[in-house]
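Visitor: Following this message is one structure expressed as structure tokens.
Just so you know, all these numbers are worked out from the coordinates, no wet-lab data involved. Not measured: the values here are computed from a predicted model. Methodologically, a virtual Cβ is constructed for each residue, glycine included, from the backbone with ideal geometry; neighbour enumeration extends over all protein chains shown.
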Amino acid sequence: MRSRAASLTASTITELAAALRDGSTTPRALLAAAVAHLEKSDKDLNAYLTVTRELAEQQADAAALTLEQHPDSASPLCGIPMALKDVLCVDGIETTAGSQILRGFKPPYTGTAVRRLFDAGAVCLGKTNCDEFAMGSSTENSSFGPVGNPWDIERVPGGSSGGSAATVAAGTVPYSLGTDTGGSIRQPAALCGVVGFKPTYGRVSRYGLIAFASSLDQIGPFTRTVEDCALVYSAIAGGDPRDSTCDPRAVADPLDSLHAGVAGLRLGIPHEYFGEGTEPGVRAAVEAAFAVLESQGATLVEVSLPSTDVALSVYYIIAPAECSSNLARYDGVRFGVRADRPSLTDMYLETREAGFGREVKRRVMLGTYSLSSGYYDAYYRQAQKVRTLVSQEFDAVFQDVDAIISPTSPSVAFPMGSRSDPLSMYLCDACTLPTNLAGLPGISVPCGFVDGLPVGLQILAPRFEDARVFRVAHAYEQATDFHRAASPFVGTAA
Amino acid sequence: MTQTARAPATALDRYEVVIGLEVHAQLLTRSKMFCPCPADYINAGPNENTCPVCLGLPGVLPTINQQAVDFTVRTALALHCDIPDFTKFDRKNYFYPDLPKGYQISQFDLPLSLNGHLEFPVNGTAVRCGITRVHLEEDTGTMHHAGDVLQSAASSLIDFNRCGVPLMEIVGEPDLRTPEAAREYLVRLRQILTYIGVNDGNLEQGSFRCDANVSLRPHGQTELGVKVEVKNMNSFRAVQHALDSEIERQSAVLDAGGTLVQETRGWVETQGRTISQRSKEQAHDYRYFPEPDLPPLRLDAAFVERVRSTLPELPEARAQRFQTAYGLTAYDAAVLTDTRESADAYEALVSAGVSAKLAANWHSGDVAALANEHHQPLQHSGLGIAGLASLLRLVESGTINGPTAKELLAELYVSGGDPEALVRDRGLAQVSDTAALTALVDAAVAANPGAAADFRAGKQQAIGQLMRAVKDASGGKADMPVVNRLLRDRLSE
């Protein structure tokens with residue numbers, strides 16, 4: 001199997017941070033390599049919607065100065081190129097959320113998580129493609145064309161953060177940010193063979209994240225290793241006065257317990273996460289991963305999360321309800337695209353008709369319906385009750401086990417266009433979306449291949465035990481080599 | 001002034017009128033409800049006080065203004081409301097260009113407060129109106145149409161300065177039975193809000209706005225009639241006229257055997273009538289749901305008590321105390337306590353040593369007129385409270401007479417100055433010395449023999465001419481009550 005070690009831009013953050021300090025490379029050189037790789041690979045991948053070369057050059061020069069003056073106190077992220085899912089606002093940089101309705105929109109501000117990375121010296125290469133308003137599981141719902149999976153460009157990279165997953169898998173940048181509302185970081189991480197982490201709800205500020213479903217959205221990193229993932233998470237996590245749902249309590253440094261291993265830990269395996277749609281190859285790879293963890297000293301425990309099947313229904317009531325309200329601001333009045341019509345109502349209708357894609361319209365309509373007078377109790381209120389139940393089931397299981405392990409996705413990357421009915425697409429997230437309903441932290445780490453396509457292992461922990469997720473994931477990663485495997489795109493520009 | 005239909009007595013005889021009022025009052029916080037922008041939208045250039053949050057740009061989140069919560073709780077306590085320990089914000093969804101997020105952050109089923117009341121007299125009878133709830137929300141932007149209304153405008157401009165200004169909604173129970181009571185309710189409510197310093201009570205500029213729900217039912221019927229919501233009333237007078245007109249309209253429909261439709265009607269001042277704006281069928285479904293961007297608020301008892309301790313004495317209690325403590329009439333006490341500023345000024349005068357009655361007469365008479373004329377309350381005038389107290393002490397000690405004090409007051413109100421020094425420097429002290437005044441009286445009688453004869457013949461008002469003569473001869477400084485006594489003595493010899 002190819003190894004990513006051959007390519008500079010396919011190295012890890014820790015490797016690059018060392019290289020920047022020992023003088024073997026510079027922020028400008030890293031940026032040049034990333035740009036060269038992007039220019040060569042993105043014709044096939046379509047992972048980027050905007051390349052922010054000018055911003056990146058400024059940031060690279062500023063980072064070089066910081067590294068020269070304060071090499072010891074500079075963040076490990078300083079001078080290292082990265083990419084941002086196009087739902088994250090950056091001052092003066094076009095931010096579309098993959099939607100026509102926001103074409104040309106340049107936010108006048110930078111969101112908190114991104115601001116923290118920029119303050120740490122990050123070099124922003126560009127904005128990555130995604131499903132429109134983060135609604136989808138394949139990135140086929142982007143209004144700017146689909147993203148190819150670096151392992152097989154005829155297949156989807158997963159979604160909705162497909163571009164962010166693909167660019168890390170392709171070896172263009174060592175890390176990127178995505179967002180996870182029902183699995184939109186973990187599932188594409190699994191399908192692209194990279195590490196993807198969704199923090200506990202309330203650990204990373206959502207300020208500057210274009211909302212899909214406010215009570216479910218979280219920002220998180222894609223990386224090549226668990227350690228890198230913990231590094232990026234540490235840089236973006238923590239209270240923010242601009243986000244009242246963001247917990248102000250101190251964040252435990254996941255690096256402190258990263259190497260603690262899994263000996264003595266009890267890991268729960270919910271049988272509900274191996275539903276009918278689970279591909280045999282995925283099952284085999286994940287079960288092999290369980291065995292690895294057991295061999296590292298963990299105790300495996302069968303657990304049950306009986307509400308898993310209804311979680312999908314709950315999710316598809318709550319997420320569309322919030323989305324129907326969150327997307328009301330795209331009315332053509334103040335920003336983005338406007339359909340000029342003589343009457344206000346026609347302007348609203350035409351702007352939204354032309355500006356939104358099919359999946360977005362479907363969810364806006366679903367949500368509007370479930371919140372309507374006469375239906376609220378039967379749908380939204382009932383869904384909130386079951387959401388509480390889902391959450392309580394996790395709490396009960398975590399009384400008995402330290403973490404939950406499962407497949408991230410029931411399938412490997414599927415061919416583009418193969419899942420045209422919404423329901424089969426929604427089932428992609430069966431193992432990930434209950435996590436968002438409960439607000440838990442979760443990660444996907446590479447755990448094998450089926451016919452050359454990556455499989456992901458999901459690890460979940462109780463709320464605010466993000467460090468434990470990294471600890472288990474790191475133990476698994478160190479015992480295996482899957483994270484070293486490189487997609488055919490890695491090194492093609494070297 | 002517009003001709004307005006008055007509800008004929010017959011309508012009120014045949015039907016019981018049921019009125020419930022909803023008041024929206026902007027809070028006097030420095031910043032907006034959910035962002036740090038200044039809340040002042042009157043003195044700012046268009047869209048000057050805006051930021052990504054109040055413009056509803058993609059990706060922004062609201063954060064709660066603590067001062068607005070305090071002010072709302074303060075209001076609720078002044079209106080005797082219960083403060084539940086758990087409250088939350090909700091989204092009220094509808095599309096309009098002045099609402100940038102496409103929803104208003106408001107409160108639906110768990111408001112900040114519930115179950116209060118307001119008591120006030122109407123024509124000498126005590127009326128008690130229930131307060132259903134007081135909750136907190138955000139104001140919208142303002143639109144300027146190139147044309148009459150949005151629908152027919154060639155273009156419309158939006159100013160978002162007002163967008164996000166903290167807005168308190170005070171929902172009254174349908175306990176009011178006459179337009180007069182409705183007006184009085186509003187006057188009292190506005191007085192309380194300005195007293196406790198949460199609102200500036202400006203109906204014209206819309207910082208205090210009112211909508212009314214009106215229905216009629218035959219006397220004795222317990223079931224409510226068809227309700228009509230009346231909007232667009234921007235003065236107390238407009239509220240009373242709009243309600244009179246709407247009652248007249250509803251009773252005419254009912255008298256003719258017709259049925260009313262539930263709708264929203266707008267008061268058109270220039271036409272003196274309400275006009276249908278929206279039927280029940282066209283009413284919005286606001287699709288309220290809990291605001292996921294804001295965690296629920298838990299208001300513990302200690303917080304509520306802390307807010308309660310910031311409540312000043314309310315106007316009604318203060319008027320009561322003024323009567324007992326200062327021996328004032330109910331009328332004087334009500335006038336003096338009309339605004340907190342006025343009551344504070346009065347008490348400051350009294351504590352500066354001016355007698356309660358004298359302070360009351362001057363404060364609600366000449367001082368009130370000057371304050372009005374110069375748009376400058378006593379506290380902020382050049383004379384100030386200390387200056388007026390010093391002036392009134394001169395009156396009280398008999399150093400100067402009333403007319404001199406009036407002239408000095410008018411002269412010093414805006415520019416300020418030391419009344420004692422002026423009286424000394426200008427020699428304005430009144431002449432009370434009997435010998436000196438007797439000489440002036442004798443001279444006046446000698447110079448006006450006709451008036452003297454008339455008075456002696458029983459014509460009482462003839463003394464006026466003689467008094468004026470003495471006053472003029474003294475340069476206005478004569479102690480006139482003494483002059484009056486001396487003149488009468490002299491003429492009855």
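Visitor: Would you mind finding the one in B:Glu246, B:Glu204, B:Glu229 that is of a type in the set (Asp, Glu), in a strand (DSSP E or B) and free of Cβ contacts under 8 Å to residues at least 60 places away in the same chain? Full working, then the answer.
Guide: Values: B:Glu246 fails: in a strand (DSSP E or B); B:Glu204 fails: in a strand (DSSP E or B).
One residue alone meets the criteria, B:Glu229.
Visitor: In region B:356-387, what residues are of a type in the set (S, T, N, Q) and either out of contact with any helix residue (DSSP H, G or I) (no Cβ under 6 Å at 6 or more places or on another chain) or under 27 Å from B:Leu189 (Cα atoms) (or both)?
Guide: Selection gives B:Asn361, B:Ser364, B:Asn372, B:Gln376, B:Gln379.
Visitor: Which of the residues that make up region A:37-61 are buried (at least 16 other Cβ atoms within 10 Å of the Cβ), part of a helix (DSSP H, G or I) and not charged (D, E, K, R)?
Guide: Residues satisfying the conditions are A:His37, A:Leu38, A:Ser41, A:Leu45, A:Leu55, A:Ala56, A:Gln59, A:Ala60.
Visitor: Output the number of the condition that A:Ala64 fails; it satisfies all remaining conditions of (1) part of a loop (DSSP other than H, G, I, E, B); (2) of a type in the set (A, V, I, L, M); (3) surrounded by fewer than 22 Cβ atoms within 10 Å (Cβ to Cβ).
Guide: So A:Ala64 meets the others, but not (1).
Visitor: If you check A:Gly98, A:Gly145, A:Gly121, which single one turns out to be under 17 Å from the mean Cα position of the chain (by Cα) and either within 22 Å of A:Leu216 (Cα to Cα) or more than 14 Å from chain B (Cβ to nearest Cβ) (or both)?
Guide: From the options A:Gly98, A:Gly145, A:Gly121, the qualifying one is A:Gly98.
Visitor: Quick one: in region A:314-338, of everything that is in contact with a helix residue (DSSP H, G or I) (Cβ under 6 Å, 6 or more places away or on another chain) and in a loop (DSSP other than H, G, I, E, B), which residue is nearest to the other protein chains (Cβ to nearest Cβ)?
Guide: Selected residue: A:Asp331.
Visitor: Looking for whichever is within 15 Å of the chain's Cα centre (by Cα) and within 14 Å of chain B (Cβ to nearest Cβ) here; the options are A:Val204, A:Val226, A:Val232, A:Val195. Which one fits?
Guide: From the options A:Val204, A:Val226, A:Val232, A:Val195, the qualifying one is A:Val204.
Visitor: Here is a follow-up. Name every residue in region A:68-90 that is in contact (Cβ under 8 Å) with a residue 12 or more places away in the chain, closer than 18 Å to A:Ile13 by Cβ and not in a strand (DSSP E or B), in order of residue number.
Guide: Scanning region A:68-90 gives A:Pro71, A:Ala74, A:Ser75, A:Pro76, A:Leu77, A:Cys78, A:Gly79, A:Ile80.
Visitor: Also, I was wondering about something else. Check A:Thr480, A:Thr388 and return the single one that is over 22 Å from the mean Cα position of the chain (by Cα), closer than 16 Å to A:Val286 by Cβ, surrounded by fewer than 24 Cβ atoms within 10 Å (Cβ to Cβ) and among the β-branched types (Val, Ile, Thr).
Guide: Values: A:Thr388 fails: closer than 16 Å to A:Val286 by Cβ.
The unique qualifying residue is A:Thr480.
Visitor: For region A:339-352, which positions are in contact (Cβ under 8 Å) with a residue 24 or more places away in the chain and either in a loop (DSSP other than H, G, I, E, B) or closer than 20 Å to B:Ala154 by Cα (or both)?
Guide: A:Thr351 - this is the single residue of region A:339-352 that is in contact (Cβ under 8 Å) with a residue 24 or more places away in the chain and either in a loop (DSSP other than H, G, I, E, B) or closer than 20 Å to B:Ala154 by Cα (or both).
Visitor: Which one of B:Tyr96, B:Tyr15 is more than 11 Å from chain A (Cβ to nearest Cβ), touching a residue at least 24 places away in the same chain (Cβ under 8 Å) and among the aromatic types (Phe, Trp, Tyr)?
Guide: B:Tyr15
Visitor: Further, regarding this structure: Using the structure shown, decide if B:Asp366 is under 21 Å from B:Leu336 (Cα atoms) and acidic (Asp, Glu).
Guide: yes
Visitor: For region A:275-297, state whether one or more residues are buried (at least 24 other Cβ atoms within 10 Å of the Cβ), away from every other protein chain (no Cβ under 14 Å) and aromatic (Phe, Trp, Tyr).
Guide: no
Visitor: Another one. Listed residues B:Thr222, B:Thr264; which is over 30 Å from B:Glu347 (Cβ atoms), more than 14 Å from chain A (Cβ to nearest Cβ) and surrounded by fewer than 16 Cβ atoms within 10 Å (Cβ to Cβ)?
Guide: Step by step, each of B:Thr222, B:Thr264 is checked, and only B:Thr222 is over 30 Å from B:Glu347 (Cβ atoms), more than 14 Å from chain A (Cβ to nearest Cβ) and surrounded by fewer than 16 Cβ atoms within 10 Å (Cβ to Cβ).
Visitor: Can you confirm whether A:Val445 is in contact with a helix residue (DSSP H, G or I) (Cβ under 6 Å, 6 or more places away or on another chain) and β-branched (Val, Ile, Thr)?
Guide: Numbers: in contact with a helix residue (DSSP H, G or I) (Cβ under 6 Å, 6 or more places away or on another chain): yes; β-branched (Val, Ile, Thr): yes.
In short, yes.
Visitor: Moving on. Filter region A:353-386 for residues that are in a helix (DSSP H, G or I), within 10 Å of chain B (Cβ to nearest Cβ) and either polar (S, T, N, Q) or within 18 Å of A:Gly104 (Cβ to Cβ) (or both) and give the result.
Guide: Selection gives A:Thr368, A:Ser370, A:Gln384.
Visitor: Right, here's the next one. Looking at the structure I just gave you, is A:Thr245 within 14 Å of chain B (Cβ to nearest Cβ), free of Cβ contacts under 8 Å to residues at least 60 places away in the same chain and out of contact with any strand residue (DSSP E or B) (no Cβ under 7 Å at 6 or more places or on another chain)?
Guide: Criteria met by A:Thr245.
Visitor: Just need a number here: residues in region B:263-289 that are in a loop (DSSP other than H, G, I, E, B) and of a type outside the set (Lys, Arg).
Guide: So the answer is 9.
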